[in-house]
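These notes are about the structure you will find just below.
The values are calculated or read from the model by the stated rules, or taken from the named source; none is laboratory data. Since the model is a prediction, treat every value here as computed from it, not as a measurement. Virtual Cβ from ideal backbone geometry, glycine too; neighbours counted across all protein chains shown.
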Amino acid sequence: MESTVRPASWKILLAFATIYFVWGSTFLSIRIGVREVPPFLLAGMRFAAAGVILYAWMRLQGVKSPSAREWVGSSLLACIIFLFDYGALFWAEQRVPSGIAAVVLATIPVFIALLDIIFLRAQRLTFRLAAALAIGLGGVAVLMNNSATLGEAPIDRMGVLALLGAAVSWSVATILTRKATLPSSKAMSAAAQMLSGGVQLLVFAAVIGETRNFHFGSVSMKVWIALAYLVVAGSLAGFTAYIWLLHYESPTKVGTYAYVNPVVAVVIGYFFGGETLGMRTLLGTALILVSVLTVALGKTKKIQTDARSETIDDIRESFSEAEIEEVG
């Protein structure tokens with residue numbers, strides 16, 4: 001990973017294919033899993049397992065364990081990222097098709113830009129950003145509209161609201177990650193956050209009673225396969241490909257997975273999950289992707305505060321150290 005020699009093109013393409021298609025497919029795997037396993041319990045099992053594996057691997061590679069202060073910083077971020085964001089995602093996928101879940105979470109860059117304007121004051125609210133926000137919320141409104149479904153089944157509004165909450169919590173974590181004390185190793189930082197987040201999810205699942213009447217023996221092989229796929233392909237292989245790509249490609253280029261994942265999730269959900277793909281889904285998806293692309297491709301107008309003012313690209317690049325995978 002430290003080599004300055006550019007890898008073969010096929011390796012770059014394989015890594016991009018991994019974050020594009022593997023991460024996009026994890027939404028259906030979540031949907032399959034929560035049909036038999038309570039959502040917070042399933043999420044906790046996924047991230048605790050992935051965190052333990054990645055942490056053990058990093059220690060075997062000679063990476064030092066996080067300090068007490070780094071564990072605290074990792075745990076605070078993990079609460080927002082995993083307990084709030086992923087907890088809401090897994091819960092919502094009991095109610096909302098996997099493709100719709102991926103599309104709603106694609107609004108994350110829009111909320112990041114909005115928080116950047118309101119709290120960091122590192123850029124101005126321009127007509128472009130205002131239009132992008134309006135278009136993105138319009139896309140969500142189309143998906144939530146149960147009076148004009150355009151031939152599709154109504155969407156559970158509580159599920160969509162939970163997904164919007166997940167998108168906002170991820171965006172807040174993106175801002176806060178610059179303030180947290182985290183391990184210098186990106187991989188160890190990810191391991192600490194996944195491990196801590198997984199434990200928090202498991203504790204929360206126990207507190208709300210998800211473990212009370214749950215029996216592991218009742219879980220089908222299909223769900224165990226989905227969970228293994230989430231751990232190995234989604235959290236480990238996907239993350240490794242993501243971090244590796246950041247050494248050879250710009251964060252902006254690597255971040256294009258945010259535009260591809262929703263499309264992949266919608267297509268996979270349609271062909272393999274039996275989910276509907278009608279005019280409402282297509283229109284809502286198109287509006288949200290236009291919103292995200294408007295934010296990502298437009299020029300940022302910064303407010304000059306001091307020499308350390310950061311643009312939205314700086315925030316995204318710094319957050320790449322905090323984890324994680326698909327946004328799903």
Taking Gly209, is it surrounded by fewer than 16 Cβ atoms within 10 Å (Cβ to Cβ) and on the phi > 0 side of the Ramachandran plot?
yes
Please indicate, with yes or no, whether at least one residue in region 16-33 is buried (at least 24 other Cβ atoms within 10 Å of the Cβ), more than 16 Å from the chain's Cα centre (by Cα) and modelled with pLDDT of 95 or more.
yes
I need the helices (runs of 4 or more DSSP H) fully contained in region 233-284, keeping only those with at least 3 residues that are of a type in the set (Ser, Thr, Tyr).
257-272
Mind checking which residues of region 215-260 are among the aromatic types (Phe, Trp, Tyr) and loosely packed, with under 15 Cβ neighbours inside 10 Å?
Phe216, Trp224
In the set Gly273, Gly328, Gly255, Gly278, which member is modelled with pLDDT under 80 and either in contact with a strand residue (DSSP E or B) (Cβ under 6 Å, 6 or more places away or on another chain) or closer than 20 Å to Ile155 by Cβ (or both)?
Gly328
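Quick grid of which residues meet (1) among the aliphatic types (A, V, I, L, M); (2) surrounded by fewer than 20 Cβ atoms within 10 Å (Cβ to Cβ); (3) over 16 Å from Ile288 (Cβ atoms):
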position: Ala101; (1), (2), (3): yes, no, no
position: Ala106; (1), (2), (3): yes, no, no
position: Ala134; (1), (2), (3): yes, yes, no
position: Ser147; (1), (2), (3): no, yes, yes
position: Gly151; (1), (2), (3): no, yes, yes
position: Asp156; (1), (2), (3): no, yes, yes
position: Trp170; (1), (2), (3): no, no, no
position: Thr174; (1), (2), (3): no, no, yes
Do we find that Ser74 is buried (at least 21 other Cβ atoms within 10 Å of the Cβ), touching a Pro at 6+ places or on another chain (Cβ under 7 Å) and closer than 29 Å to Ser98 by Cβ in this structure?
yes
Does at least one position in region 187-209 carry a residue that is of a type outside the set (D, E, K, R), at pLDDT 95 or above and over 20 Å from Ile81 (Cα atoms)?
yes
Restricting region 168-217 to residues that are over 21 Å from the mean Cα position of the chain (by Cα) and not in a loop (DSSP other than H, G, I, E, B), which is nearest to Trp244 (Cα to Cα)?
Val203
